[in-house]
Amino acid sequence: MHFGFFWVALFFLATPISAAWGTPQRRYTLPTSSLVLVACPMVCSMASMFVLHAMAAVTLNLIFDAGWPILGPALVAAIVVAWLQAILWSTSNSQGLQLVSCLASFGILLFAVMQFAGPDTPATAWFVEGADTSHVLGFGLAALICVGAGTIGFANLRHGGGMDVHQIVEWASRLFPRAARTTPFPSPLATQIWLEWTERGHVVPVGTALIGVAVLLAAPFVAAKNANDFLGGPSTILLVSALLVGLFLGARSADGGFGNFNGSHPLTDSQLANAVLASVTVGVLSSALIWSVAMGAVSLILGQSFNLSSFPNTTELPVGVIRLLGIATLGIGTVWGAAALMTSLVLAGKKVSSVVLCTLIGAGIVGGIGSQLLRSPEAQETFRQVYRWLVMILSTVGIATVFVVGWRLRLIARGTLLMAVGIVAVMLAAAHLSGVTSEPDSLLLVLSGSCLTPSALAVAPLAVRWNRHR
């Protein structure tokens, strides 16, 4: 439990620390060296994270007698924050490159955890039992590496250097030259879709391809006992990072507003929202295709294949293929729904998205720890059932209300409603084919989740209207 909750605590403790860094570009003109500008806030951040995690662990040990270690996990948290500052300050000229760097770092971290965090592996004894002198020296060396990497990247940007995703794409386009476009765009909507894809959408498949290359390079060094976990771990990363992708795709400006350029387009609110959703859709589908190819290559490298011996005869082989297609469709639909909904919320601006996200996180925390405050098992089970029903009812009613409001404001058309019904039908069919709806409780959960999947079709136009005309 400690190893799992450690990463949750790290996220919530690191968020205010990263916000306190501010914009690194404002430090470019300060009359001191880049080493001082990077090292001072990094040391303060590491010390703050160490103290915060130590305070949290000590508090839990005093109240619940949890027995959680302090030194080892606190050192890990401090190093993670230092590395986060190093990569963010080294790529501050490009949000796309920041996103790709964070995802790649998260993938490397997950790979390290899968390799060395087994329950019977002595290599993680320091994390559970405590760190010795060699571990402390090792983390000191890691801190020096973070300071050095951050200083080099910061100094490069400070003196006008650096590289962003657009430069990488331009370099790749030179390898495969193509003729310039000679025909105009067929409509203003097509022009806006091209603009969304050029500015933001292409970052998603590019980042997926880079992570896939990293996974391919790491596959030959994976131990045989960790092969199955290695196949599923990176895919879990992409599912979790769908929300982070939405934060990037939905941001219109640094302050969250639409600005003069986006606000004065000769397009309706619905057209702007549809252009953003079209870019998200193309990005998710292309990323899914790229990731399927990467995982197929990794499976070949690891010598993994589908175990067909479980089927008594060849007549049952199509059943496995259909189930696999159902699982793939359900996964792609879930990723698209999460990324599109997060993108739509961010389109509404920082204030609205912050309130909604804090409410959702608070509801998740209440549902996660609420039942643990009750003593009897019957009361805990009753709380879970009531909370589950309450969440499903409120979410379904809320999405239905959003569609009604969008229809009354003429932000969504009849075709959008038909598309939403089609998405729900596809998700339900995929859940049935994959075998997820075998139990009544799971059927209700799948039904509620399927109704939430197309919610971005109505949330995005409302968000654009709110942020564009406020």
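Any read-out appearing in this document is the output of simple, stated calculations on the displayed coordinates, not a laboratory observation. Keep in mind it's a predicted model, so treat the numbers as computed, not measured. Ideal geometry is used to build each Cβ from the backbone, glycine not excepted, and the neighbour counts take in all protein chains shown.
At 7 Å along the Cα-to-beta-carbon direction for both His432 and Phe11, put a label point, then send me their distance in nm to one decimal.
So the label points at His432 and Phe11 sit 3.4 nm apart.
Give me the extension gain from Leu289 to Lys350: residue separation times 0.36 nm, minus the current Cα-Cα distance, reported in nm with one decimal.
Fully extending the segment from Leu289 to Lys350 adds 18.7 nm.
Could you tell me, in Å, what Rg and Dmax come out for the Cα atoms of the stretch 1-91?
15.0, 50
Test of understanding: what is the full-extension gain from Thr59 to Ser134, defined as 0.36 nm times their sequence separation minus their Cα-Cα distance?
Between Thr59 and Ser134, full extension yields an extra 24.3 nm.
Taking N as the number of residues in the stretch 395-444, what value does Rg over Cα atoms divided by 2.2 N^0.38 Å take?
Rg over 2.2 N^0.38 Å, computed on Cα atoms: 1.43.
Report D for the stretch 327-470 in µm² per second (integer): Stokes-Einstein, Kirkwood Rh on Cα pairs, 20 °C, 1.002 mPa s.
This corresponds to a translational diffusion coefficient of 129 µm²/s.
Just subtract the alpha-carbon distance of Arg410 and Phe185 from 0.36 nm times their residue separation and send over the number in nm, one decimal.
Between Arg410 and Phe185, full extension yields an extra 78.4 nm.
How far is it, in nm, from the label point at Leu444 to the one at Val213 when both lie 7 Å from their Cα along the line to the Cβ?
4.9
Given R₀ = 60 Å, what would the calculated FRET efficiency be for Leu394 paired with Leu300, taking r from the Cβ atoms and rounding to 0.05?
Rounded to the nearest 0.05, the efficiency is 0.85.
Using 19 Å as the cut-off for backbone N distance, which residues of the stretch 380-416 belong to the label zone defined by a point 7 Å from the Cα of Val366 along Cα→Cβ?
Under 19 Å, as judged by backbone N against the label point of Val366, lie 380-399 of the stretch 380-416.
Taking the simple approach of a point 7 Å from Cα along Cα-to-Cβ for both Val43 and Phe261, what is their distance in nm?
4.0
If the viscosity is 0.890 mPa s and the temperature 25 °C, what translational diffusion coefficient in µm²/s does Stokes-Einstein give for the stretch 419-470 when Rh comes from Kirkwood over Cα pairs?
This corresponds to a translational diffusion coefficient of 200 µm²/s.
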